Amino acid sequence: MRFATIDHERLAAELLGVSVGELRARALAGSLELPQGYDAAARRLERGEPLQYVVGRAAFRRLQLKIGPGAFIPRPETEVVAGAAIDALMAWPEGRRLAVDLGAGAGPIAAALATEVPGARVVAVERAWAAAGQARDNLEPLGVAVVNADVGAAVAAGGPLAGLVGRVAVVAANPPYLRPDAELGPGVAEHEPPAALFGGGEDGLAAPLAFLAAAARLLRPGGTAVMEHDPSQSAALRRHAQAEGLFEDARTGRDLAGRERYLLATRTAGAGRSGRGAVESPGC
Ligand SMILES: C[S@@+](CC[C@H](N)C(=O)[O-])C[C@H]1O[C@@H](n2cnc3c(N)ncnc32)[C@H](O)[C@@H]1O
């Protein structure tokens with residue numbers, strides 16, 4: 001049996017729940033039977049719908065997450081960002097491993113934190129109703145609370161996360177950060193939610209800066225913000241993080257391709273605008 005494209009082959013493997021290697025072995029042995037629903041799924045694929053939406057699943061680190069239209073499809077570069085957030089949370093003693101995932105989408109970062117960090121308490125915030133529903137499906141079985149709200153409103157006085165202000169060890173985020181003129185991969189513009197992609201403003205930084213301000217409110221002194229960005233935004237985000245003294249030690253981490261991919265910034269002591277002072281370290 002021959003498949004029209006490699007994506008058709010991957011689709012058949014996904015629907016059967018086997019690897020592409022196993023699928024090819026069955027095809028060679030003449031024992032391959034196409035799974036039920038293959039033809040309808042192949043038609044969706046041929047119309048340009050991403051494979052993950054068609055099969056309803058996306059792999060992220062050690063996990064298989066439910067995913068569908070309305071939620072951003074987790075990307076491989078975010079696995080590295082989640083890894084940095086995991087390392088930052090592991091540096092705190094078990095009783096203090098409180099983390100918040102801002103703009104959680106279907107919940108990949110929050111799920112990785114909850115499953116890879118012993119004793120972690122994780123809260124996920126997501127504004128889009130459809131994505132928040134998928135986050136609930138993925139995260140509530142892991143004990144992660146999902147809050148359907150805007151990040152700014154969530155951390156404001158009286159907001160659903162007001163009780164966490166100044167108490168969080170790690171804030172992780174993959175905000176929308178694309179510039180308006182960004183080139184998108186196949187199927188992205190047609191199928192993924194624009195509000196999950198474009199950061200706003202000419203430089204795509206409006207949403208990342210709003211997320212950074214929310215992270216500054218949530219973090220305890222010495223806590224860490226880990227935030228994904230476009231490689232072109234690294235210097236601007238380091239500068240913004242340190243500009244008002246809210247963060248110190250702002251650094252940039254790279255993805256597996258060596259591109260500058262995320263901000264790692266440590267919250268200074270004191271919630272004030274000039275706020276420099278003694279920083280509580282994770283080990284204390
Ligand atoms: C790039 S997607 C990342 C989703 C997920 N964290 C991931 O890595 O797959 C950004 C997410 O942030 C959400 N978002 C954008 N602006 C937001 C805001 N102001 N408050 C809360 N969520 C927001 C979008 O709906 C989208 O799900």
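Taken together, the values in this text are just the output of simple stated rules run on the coordinates, not laboratory data. Note that this is a predicted model, so its numbers are computed, not measured. Here the Cβ positions follow ideal geometry from the backbone for every residue, glycine too, while neighbour counts run over all protein chains shown.
Would you mind counting up the charge near residue 90? Only other residues with Cβ under 9 Å from its Cβ, with Lys and Arg at +1 and Asp and Glu at -1. That works out to -1.
If Lys and Arg each add +1 and Asp and Glu each add -1, what is the summed charge of the other residues whose beta carbon sits under 12 Å from the beta carbon of residue 122?
On the way: positive: 97, 121; negative: 101, 116, 140.
Within the 12 Å Cβ shell, the charges total -1.
Please compute the net charge surrounding residue 256, taking Lys and Arg as +1 and Asp and Glu as -1 over other residues with Cβ under 15 Å from its Cβ. Around residue 256, the surrounding residues sum to 0. From its DSSP helices (H runs of at least four residues, each -39,500 (n - 2.57)), the chain gives a residue-normalised ellipticity at 222 nm of -10500 deg cm²/dmol.
Among 22-32, 190-200, sorting by the average number of other beta carbon atoms lying within 10 angstrom of each residue, highest first, gives 190-200, 22-32. For the chain, the share of DSSP beta bridges that are antiparallel, to the nearest 5, is 45%. For residue 145, the amide hydrogen comes within under 5 Å of the amide hydrogens of 122, 124, counting only partners 5 or more places away or on other chains and with H modelled in the peptide plane.
When the Gaussian network model of the chain links Cα atoms closer than 10 Å, the mean-square fluctuations of 130, 71, 189 top out at 189.
How would you order 170-177, 88-95 from highest to lowest mean count of nearby Cβ atoms within 10 Å? Could you put the intermediate results ahead of the total?
Numbers: 170-177: 27.0, 88-95: 17.1.
Highest to lowest by the protection proxy: 170-177, 88-95.
Charges at C-beta only: +1 for Lys and Arg, -1 for Asp and Glu. How large is the resulting dipole of the chain about its Cα centre, in Debye rounded to 20? Walk me through the numbers on the way to the answer.
Details: 30 positive and 32 negative charges, 134 e Å.
In total the dipole reaches around 640 debye.
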